[in-house]
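First comes the structure, then the notes that go with it.
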Amino acid sequence: MSLVKTKDGVEIYYKDWGKGQPIVFSHGWPLTADDWDGQMLFFGQRGYRIIAHDRRGHGRSTQTWDGNEMDTYADDLAALTEKLELRNAIHVGHSTGGGEVARYIGRHGSGRVAMAVLISAVPPLMVQTEKNPGGLPLSVFDGLRAELAKNRAQFYKDITLPFYGYNRPGAQISEGIREHWWLQGMLGGVKAHYDCIKAFSETDFTEDLKKFDIPTLVMHGDDDQIVPIGAAGLMSAKIIKNAKLKVYPGFPHGMPATNADQINADLLAFFQQSKSASA
């Protein structure tokens with residue numbers, strides 16, 4: 001397996017395929033690099049170098065007890081980009097991965113970054129506070145932790161329904177997509193997944209987003225039941241300078257899987273337009 005070792009000895013698994021401009025994919029909780037299958041194949045076939053890693057505590061990376069928070073996730077991503085000597089890279093983050101991309105740019109700058117994309121992403125802040133009244137109450141995330149601790153395997157089966165909008169009337173349910181989500185989740189460590197709920201829900205990315213100085217696309221479905229668009233995509237697009245916002249009517253949180261054709265086409269158009277504009 002391809003691994004990069006971090007300063008604290010954690011081994012981060014990654015895939016690195018193809019040649020061309022690199023696209024680095026950061027996955028959501030509690031998944032793995034495999035969640036990007038539909039994007040990796042599509043962009044690899046179109047002449048891009050495609051890279052995706054399993055976050056620490058997730059998938060095939062070390063199952064860590066400590067360090068399951070955004071600063072360390074961002075530093076792990078930086079270690080990967082440095083090992084692979086990436087330049088002019090496009091960073092794409094889904095859900096928690098969008099937070100990872102934001103904190104990576106916030107902590108390490110955009111010197112190696114050409115463009116960024118936040119898909120159904122958690123920034124700027126998910127939890128409800130006095131300054132963020134549109135967020136979700138802390139009790140929502142306490143509930144997620146309680147369900148995970150009680151019966152992680154069943155919890156991971158149940159959450160796929162709202163994740164992909166399969167609980168909506170008339171939804172065309174793919175049991176394969178649901179099982180793929182469940183398998184990815186069960187590969188990771190329970191402590192890391194438990195801690196990551198706090199990381200994705202309580203981390204404030206506002207100052208990170210203000211540091212974005214590269215072309216950025218914010219993509220969000222308006223029927224996202226996991227990361228509601230109001231306190232997420234709509235807010236991020238206002239904070240990031242010159243960000244492009246694309247809202248998808250009726251699309252769920254897991255739209256890179258359920259609506260891969262549309263998402264991939266829009267990503268490709270953004271990459272090509274941004275590259276032409278900077279040429």
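The values are calculated or read from the model by the stated rules, or taken from the named source; none is laboratory data. Every value quoted in this text rests on a predicted model; they were computed, and no experiment measured them. Neighbour counts run over all protein chains shown; Cβ positions are idealised from the backbone, glycine included. We work out accessible area using only protein heavy atoms, side chains counted, and drop any ligands, DNA or RNA first. Shrake-Rupley method; radii C 1.70, N 1.55, O 1.52, S 1.80 Å.
Listed values, structure above:
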{"read-out": "All-pairs Cα distance distribution in the range 120-279, expressed in whole percent, bin size 10 Å", "value": "10, 33, 37, 18, 2, 0"}
{"read-out": "Virtual paramagnetic centre 7 Å along Cα→Cβ of Gln172, amide N under 13 Å, in the range 245-275", "value": "258-262"}
{"read-out": "Fraction of antiparallel bridges per DSSP, the chain only, in percent to nearest 5", "value": "25 percent"}
{"read-out": "Anisotropy class of the range 1-146 from Cα gyration tensor, a/c 1.5 cut", "value": "prolate"}
{"read-out": "Two-decimal Rg to Rh for the range 84-144 - Kirkwood Rh, Cα set", "value": "1.11"}
{"read-out": "Rounded Å value of the spacing that divides the Cα centres of the range 62-97 and the range 182-259", "value": "16 Å"}
{"read-out": "Computed over the chain: relative contact order in percent, which uses C-alpha pairs under 8 Å that are six or more apart", "value": "21 percent"}
{"read-out": "Residue-averaged [θ]222 nm for the chain, counting only DSSP H segments that reach four residues, each worth -39500 (n - 2.57)", "value": "-13000 deg cm²/dmol"}
{"read-out": "Karplus-derived HN-Hα couplings along the range 225-241 (A = 6.51, B = -1.76, C = 1.60, θ = phi - 60°), whole Hz, x at Gly and Pro", "value": "8, 9, 10, x, 5, x, 9, 10, x, 5, 6, 4, 5, 6, 7, 6, 4"}
{"read-out": "Spatial extent of the chain: Rg and Dmax, with the Cα atoms as the point set, Å", "value": "17.1, 54"}
{"read-out": "Pairs of Lys in the range 145-279 closer than 20 Å at Cα, counting only those 8 or more apart or on different chains", "value": "14"}
{"read-out": "Accessible-area value, Val127, 1.4 Å probe, nucleic acids and ligands omitted, Å²", "value": "10 Å²"}
{"read-out": "Per-selection Kirkwood Rh - the range 1-72 (Cα, Å, 1 d.p.)", "value": "12.7 Å"}
